[in-house]
Amino acid sequence: MRFVHAPGRYKGEKPRSPGHDLIGEVAVVLSKEEVDYHNWGGIFHLCGQDGEIFRHHGDFLEIVQ
């Protein structure tokens, strides 16, 4: 997966950043989607390029080959 800007959640809201240090970075998904109460694309456990394991919302993720 690659980290990308997510669309705004509300009318007129600008695209949202996953975090300035994550844009364009890739990660491997380690889990199925966990439902989050905001319905913002679910929550996934990920492994970053540095081996760090962390959680992030799916609306900031884009599938890459």
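Segment 22-65: D in µm²/s via Stokes-Einstein (Kirkwood Rh, Cα pairs, 25 °C, 0.890 mPa s)?
227
Build a GNM of the chain with springs between Cα atoms under 10 Å: which of Asp21, Asp50, Asp36 gets the top mean-square fluctuation?
Asp50
Every number in this text was worked out from the coordinates using simple rules, so none of it is lab data. Since the model is a prediction, treat every value here as computed from it, not as a measurement.
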